[in-house]
Amino acid sequence: MPSPLAISPEVRAAVAAGDPVLALESTIFTHGLPRPRNLDVALEAEERVRSLGVVPATIGVIDGRPTVGLSTAEIQRLSTSDDVVKASLRDVPVLTAKGRSAGTTVAATAYLADLAGVRVFSTGGLGGVHREAQQTFDESADLGTLATLPLIVVSAGVKSILDIPLTLERLETLNLAVVGYRTTDYPGFYVADSGHDIEHAVDSPAEIAEIARSRDGLGIRSTLLVANPVAADSQLDPALHDQVLARALAAAAAQGVTGHDTTPFLLDFVQRETGGRSLDVNVEVYRGNVELGARIARALTGRA
């Protein structure tokens, strides 16, 4: 049976030629941002990648076809359609068989990128271990998936609504190396410093590429995670962040919000209580990660 995976001619040619390619997820514009800002951010990301001499490979599912390298028309369609679902890796074969369209999460995007030969992927924030996971066992599929893929993934850490210390412990258990870009402070997505430290800092895309080459030479098949904090002058005010997060967690507990409903509830609460400022930070985070990812892709192919 032929693979259902579709790879755009541009991405296929760039991978074959050893040219730099950067994978981009689609859930940020299908489910993470309101319309019409979602489409603007998606197209801006592609333009930013191209301006740095890198081929963008935005990934999603179109009518049951997992696609690496969405066209502008396909990005517009996913950004504006009401029947687009959110797909983690386990959902992709189901949606493929049913002919559905979807935005892909970190887990699904990373898997499809690796399948297409794309080695670097930029996202906003990773999934991680949820609060009270000791009782719920609620942990994102992102972690287990990335533990099996030899990629470089750039993110601003995990969202602070998650349990960051437990997430860092799981990353260690899963042999997922984490390096901070010019910092040993692990970022908390909305804030530059989550209050938790990581062991290694890197100073340049070239150094990140060299670490990945060393990993590959040793036959280690797990993702190198690059933690890239949002600029301090663009972050959510840390004091405001802490206050709003405490209220959000209390509201979720009071209303009995649990399971997969927890994350959207908390994020919506933070957005409303910060007057939309958290969305602005989300966009700034993504811009920074896209630019760094493109520079790493160039370094990895010797084009820096």
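Matching residues to (1) more than 30 Å from Asp237 (Cα to Cα); (2) hydrophobic (A, V, I, L, M, F, W, C); (3) within 12 Å of the chain's Cα centre (by Cα):
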| position | (1), (2), (3) |
| --- | --- |
| Leu89 | yes, yes, no |
| Pro93 | yes, no, no |
| Ala97 | yes, yes, no |
| Ala116 | yes, yes, no |
| Thr123 | no, no, yes |
| Ser160 | no, no, no |
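If you go through the stretch 246-268 and keep only what is touching a residue at least 24 places away in the same chain (Cβ under 8 Å), part of a helix (DSSP H, G or I) and out of contact with any Leu (no Cβ under 9 Å at 6 or more places or on another chain), you end up with Arg247, Gly259, Thr262, Leu267.
Filtering the stretch 223-245 to residues that are in contact (Cβ under 8 Å) with a residue 60 or more places away in the chain and open to solvent by 70 Å² or more (accessible area, probe 1.4 Å) leaves nothing. Of all residues in the stretch 72-100, those that are without any contact (Cβ under 8 Å) to a residue 60 or more places away in the chain and under 23 Å from Ala141 (Cα atoms) have Cβ atoms under 8 Å from Cβ atoms of residues that are of a type in the set (Phe, Trp, Tyr) and crowded, with 18+ Cβ neighbours inside 10 Å, 6 or more apart or on another chain, in Leu78/Phe29; Leu89/Tyr111; Val92/Tyr111. Failed condition for Ile28, given (1) over 17 Å from the mean Cα position of the chain (by Cα); (2) more than 22 Å from Pro93 (Cβ to Cβ), with all others met? Ile28 satisfies every listed condition except (1). Determine if the stretch 148-169 includes at least one residue that is surrounded by fewer than 19 Cβ atoms within 10 Å (Cβ to Cβ), acidic (Asp, Glu) and in a loop (DSSP other than H, G, I, E, B). Scanning the stretch 148-169 turns up no residue that is surrounded by fewer than 19 Cβ atoms within 10 Å (Cβ to Cβ), acidic (Asp, Glu) and in a loop (DSSP other than H, G, I, E, B). Among the residues making up the stretch 46-72, those that are out of contact with any strand residue (DSSP E or B) (no Cβ under 6 Å at 6 or more places or on another chain) and over 23 Å from Ser3 (Cα atoms) are Glu47, Arg48, Arg50, Ser51, Leu52, Gly53, Thr72. Give the residue, chosen from Val270, Val283, that is under 30 Å from Ala113 (Cα atoms) and open to solvent by less than 60 Å² (accessible area, probe 1.4 Å). Matching residue, one of Val270, Val283: Val283. Regarding the stretch 248-269, can at least one residue be identified that is at pLDDT 95 or above, closer than 16 Å to Lys159 by Cβ and not hydrophobic (A, V, I, L, M, F, W, C)? No, every residue in the stretch 248-269 fails to be at pLDDT 95 or above, closer than 16 Å to Lys159 by Cβ and not hydrophobic (A, V, I, L, M, F, W, C). When Ser26, Ser88, Ser79, Ser51 are screened for being open to solvent by less than 10 Å² (accessible area, probe 1.4 Å), of a type in the set (Ser, Thr, Tyr) and within 21 Å of Ile152 (Cα to Cα), only Ser26 passes. For the stretch 117-142, residues that are modelled with pLDDT of 95 or more and crowded, with 22+ Cβ neighbours inside 10 Å total 6.
For (1) within 19 Å of the chain's Cα centre (by Cα); (2) at positive phi; (3) open to solvent by 30 Å² or more (accessible area, probe 1.4 Å), each residue gets a yes or a no:
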position	(1), (2), (3)
Leu174	yes, no, yes
Val178	yes, no, no
Asp203	no, no, yes
Arg213	no, no, yes
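The values are calculated or read from the model by the stated rules, or taken from the named source; none is laboratory data. Not measured: the values here are computed from a predicted model. As a convention, Cβ positions derive from the backbone with ideal geometry for all residues, glycine included, and neighbour counts pool all protein chains shown. We work out accessible area using only protein heavy atoms, side chains counted, and drop any ligands, DNA or RNA first. Shrake-Rupley method; radii C 1.70, N 1.55, O 1.52, S 1.80 Å.
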